[in-house]
Every structure is written in C-alpha cells, then in structure tokens.
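Student: My questions all concern the structure below.
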Amino acid sequence: MTDTATAAHEYDPDDAVLTPVLDVVIPVYNEERDLGVCVRRLHEFLGDGFPFSARITIADNASTDTTLAVAQGLADELADVHVVHLDRKGRGRALRAVWEASDAQVVAYMDVDLSTDLNALLPLVAPLVSGHSDLAIGTRLAKSSRVVRGPKREFISRSYNLILKASLQARFSDAQCGFKAMRTDVGQLVLPLVQDGEWFFDTELLVIAERAGLRIHEVPVDWIDDPDSRVDIIDTARKDLRGIWRLGRALATGRLPINELRIAIGREPLVEGVPLGMVGQVVRFGIVGVISTLAFMVLYLVLQPLTGAQAANFLALLITAIGNTTANRAFTFGVRGSSKAVSHQIQGLLIFVFTWFLTSGSLFALHHWAPGAAVHLQLFVLVVANLVATLIRFIALRWVFRNAVGGPRAAENLA
C-alpha cells in the first residue's frame, strides 16, 4: 500500500523561494492549538537574518480536528509556508513523503512544540550546506546540552539509547530528539531503505546511515520538555523494541543492501589512488589474519607431534582457511546472509590450496637444506610463508567478494 501526500496549498511564486536551501518540515497530528504559534515563531526566526533561504512545510498526517484548515490559513498568510496532507498517521511516514519530494538542498524537521531552542538550527544545518556532514541531529544527552524534563522521560531516553548502543552498536548519542536535518541527495538513497513510518523512523534512518559510513554531526541543544505531549510511551517503547529486533535481524542476514549504499555515497579513502573501501578492508583483513595466524600456530604445535610436519601444516591450514573465509566474508567485506556462501567457501578453499602449496614448498625446502631443523624453526618458516601468502589471499578474496567491495555492478544494484 502506498502512502498518498497531496499539496494542500500552492503559494504565489512571486512571493516565495522556489528552490530554497533549507526545507523545514513540521509533522503534525491534531495540533490545531499549537500550530499557529509554532509556525509564526519559526517563520519570524527564519526571516530575521537566517543566512539560508528556507521553506516551512507543514506535514499534516491524517488529523481529525481543524489542523489542516489552520495550516492552510497559515500558508495563505505567510510566504514560503507550504502544506502537505497525508491520509495516514505516522511522523516517519510524513517525513519520508516530504523529504523524498523536496527540491531543497537540505531537509530538516522539528516538533511542533518547538522544544528545541531555534538558535541551534544554524549549527544543525551549516555542516550539511557546506558538505562537511551528511546528517545532523540535535542531542539532549551531551554534557553541554541544557535540558528541562522530568526524571521519567530522562530515564527512558537514556535507557533507549543504551539499548541501541548494546544491540545495534549505535555511536550517535540521541536517536529521538525531534530536531534533525539531512542533505537531500543523501536522503534520496537512504530513505527508500527505511521501513518504519512512525516513531522508530529516526532510529532506523540513523543506524542505516551510520552503517553506510555517512558522517553524522551532533549539535548540543537547549531543550524544554512539553508537558502536554501526547506520545503513548508504553506503545512507543513496544514498537521501538520490535523495530530494533527487525532492523538488527535485517543487518545480520544481509537483507539491507548496506554495501551498495556505502559504495554509492560513502566517502573516498584518504589515501589517493587506493580503491574505495580498501583502507578499511585492509585493517579488518589484518585483524582476521592475525587471529588466523595465531590459530594456525596453536594447531600446528598441537598436531605436529601427532601427525608430522606436512600433515600438521595441511590440517592447520585447512581448518584456519575455512574460518578465515567465513570471517573475512562477514567482517572484512560485509557480506551477510546465505546467498553464495557455499560458492564463496569453495573459492576460499581454492585459495587455500595455493597457500598450502606455498607453505608446504617452503617446509620441503627447509627439510632439504636443514633436515634436523627444530620445530620452532619450522614454525618460523611457515609463518613467513603465510605472511607472503596473505597478500595474495587478500587480492584473491577481493575478487571473490568483488560485488561487495565496489565496482559498477554493485553501484548499479543500488540504482
């Protein structure tokens, strides 16, 4: 079922900014009392020396009171105020509809109660306009933030963000502060991946953006809690936990095309001439390689007295090769799910065969020149041979997982 959004007012182009730098969205549901105060205050702020051209878009999501009529009256009264009406409820649904259709350079949103001090709007937007950052969020949890709210909401907010850090490894500090902005070109790629249409929308957007390597700018805010908030905390918490489970499972199984998204909008590495993504892959491959080498050494030392040098080398390499391919598939190259897993292991074993020939050849040469070499010297020669083979293994694995590390085919899949 597709969501429908209709423009409830067409403002006079002679008085309006046709293509603004900033589009500030105010999602509303049954806010007939507060909407006028909010929009007039924001409109005055944007017109009083704000350095970027801006539009205010009121996104009415299925209000049952006179909110839509109030919004239309404000659009008639004030320049650069636009109204969009949706037939279904949901803050995330409203934001997605407006943000995806916006022609502004940067899209933002704030809650209708204006809990956040408007002086934080410029620090929120400026890094996006300059291109320094991709998303920006207000945070109530920074040490320099000044927040007025009850202990219950404070506890719930901090607990929720701790859950995100533990379950989804989120690094941003405040998922649900109603004060966020995003570059529109980035949004065109990220928003189609966000499934939630309600309160979990913010969290899902931020987690996907963070996993794709986008830069998230955080702005400490002065924030005063709205005592008249109608958010159902219990129902929202239940839906948030369900959203965390769904998103975590999608990330773990590879259902979310994070690799393709990273390729399309990730930042280039700092080393000129190095292919996109290789710097991080080298680091992760090195970590897997160190662990594999340690495992190989332990296995060789255990097996060598039982099976002899060549057999111990073969068995230790085989066991670590299977684990190495599995670890590099998920950790180094970010391939999730069972698709082509068997094919990847077979190709990994072919790489193992080459590695085995290289290391066993080194061991054969050692025994030829030094027949009585101690086990520690044998191990040293094998480790050196493995280090030589590591470079070749990395190049080969980049080819095995080529659809996950870059190139036109992966980019086309996202487009």
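Student: Taking amide H atoms as placed 1.01 Å from N in the peptide plane, list the residues 5 or more away in sequence, or in a different chain, whose amide H sits under 5 Å from that of ALA170.
Tutor: So ALA170 has HN proximity to LYS165.
Student: Check HIS82: other-chain or 5+ apart residues with amide H under 5 Å from its amide H, H built from backbone geometry?
Tutor: HN-HN under 5 Å from HIS82: ILE56, THR57, ILE58.
Student: Under 5 Å between amide H atoms, partner at least 5 residues away or on a different chain: which partners does GLU218 have, H built in plane at 1.01 Å?
Tutor: Distant-sequence amide H within range of GLU218: ILE137.
Student: To continue, here is another question. Step through the residues of region 346-352 one at a time and calculate ³J(HN,Hα) from phi using the Karplus curve (6.51 cos²θ - 1.76 cosθ + 1.60, θ = phi - 60°), rounding each to whole Hz and writing x for Gly and Pro.
Tutor: Once rounded to whole Hz, the list reads 5, 5, x, 5, 5, 5, 4.
Student: Moving to a separate point now. Would you kindly work out the equivalent ellipsoid of region 66-216 from its C-alpha gyration tensor and give its semi-axes, the square roots of five times the eigenvalues, largest first in whole Å?
Tutor: 25, 19, 17
Student: Shifting gears a bit: With each run of n ≥ 4 DSSP H residues scored as -39500 (n - 2.57), what mean residue ellipticity at 222 nm is computed for the chain after dividing by its residue count and rounding to the nearest 500 deg cm²/dmol?
Tutor: -17500 deg cm²/dmol
Student: If we count every other residue with Cβ under 13 angstrom of VAL106's Cβ, Lys/Arg +1 and Asp/Glu -1, where does the sum land?
Tutor: -1
Student: In degrees, nearest 10, range 0 to 90: what is the angle between the Cα axis of helix 375-400 and the longest Cα principal axis of the chain?
Tutor: 40
Student: Moving to a separate point now. Send over the semi-axes of region 328-380's equivalent ellipsoid, whole angstrom and largest first, taken as the square roots of 5 times the C-alpha gyration tensor eigenvalues.
Tutor: 35, 12, 6
Student: Can you list the HN-Hα couplings for region 193-205, worked out from phi with the Karplus curve (6.51, -1.76, 1.60; θ = phi - 60°), rounded to whole Hz and with x for Gly and Pro?
Tutor: 8, 8, 8, 5, x, 10, 7, 6, 3, 4, 4, 4, 4
Student: Count the DSSP beta bridges whose two residues both fall in the chain, then state the antiparallel fraction as a percent rounded to the nearest 5.
Tutor: Percentage antiparallel, nearest 5: 30.
Student: Same structure again: Report ³J(HN,Hα) in whole Hz for each residue of region 127-137, in order, from the Karplus equation J = 6.51 cos²θ - 1.76 cosθ + 1.60 where θ = phi - 60°; Gly and Pro get x.
Tutor: Residue by residue, region 127-137 yields x, 7, 5, 6, x, 5, 10, 9, 10, 9, 9 Hz.
Student: Starting from a Cα-only point model with no solvent, please compute log10 I(q)/I(0) by Debye for region 48-127 at q = 0.13, 0.16, 0.19, 0.20 1/Å.
Tutor: Ignoring solvent entirely, the Cα scatterers give -0.45, -0.69, -0.97, -1.07.
Student: Now for a different question. Which of the lysines could a cross-linker bridge to LYS89, judged by Cα under 21 Å and excluding same-chain residues fewer than eight apart?
Tutor: In chain and number order, the partners are LYS180, LYS239.
Student: Using only protein heavy atoms and a 1.4 Å probe, report how much of LEU358 is accessible, in Å² to the nearest 10.
Tutor: Only protein atoms counted, so the area is about 60 Å².
Student: Dividing the convex hull volume of the alpha carbon atoms of region 293-333 by its residue count, what do you get in Å³ per residue?
Tutor: 51
Student: Evaluate Rg over Rh across the chain, taking Cα atoms for both radii and Kirkwood's formula for Rh.
Tutor: Rounded to two decimals, Rg over Rh is 1.13.
Student: If one computes P(r) from the Cα atoms of region 284-353, what percent of pairs lie at distances over 17 Å?
Tutor: Percentage above 17 Å: 45.
Student: Something else now. Given a cut-off of 13 Å, what percent of all Cα-Cα pairs of region 165-204 lie beyond it?
Tutor: 62
Student: Per residue, what accessible area does the chain have, given a 1.4 Å probe and all protein chains present, in Å²?
Tutor: Spelled out: the 1.4 Å probe surface of the chain, per residue, equals 48 Å².
Student: Probe radius 1.4 Å, ligands and nucleic acids ignored: give me the carbon and sulfur share of the accessible area of the chain as a rounded percent.
Tutor: Reported share for carbon and sulfur atoms: 63 percent.
The values are calculated or read from the model by the stated rules, or taken from the named source; none is laboratory data. What you see is a predicted model; the values in this text were computed from it and never measured. Cβ sites come from the backbone with ideal geometry, for glycine too, and all protein chains shown count toward neighbours. Areas reflect the complete protein model, heavy atoms only, side chains present, ligands, DNA and RNA absent. Shrake-Rupley method; radii C 1.70, N 1.55, O 1.52, S 1.80 Å.
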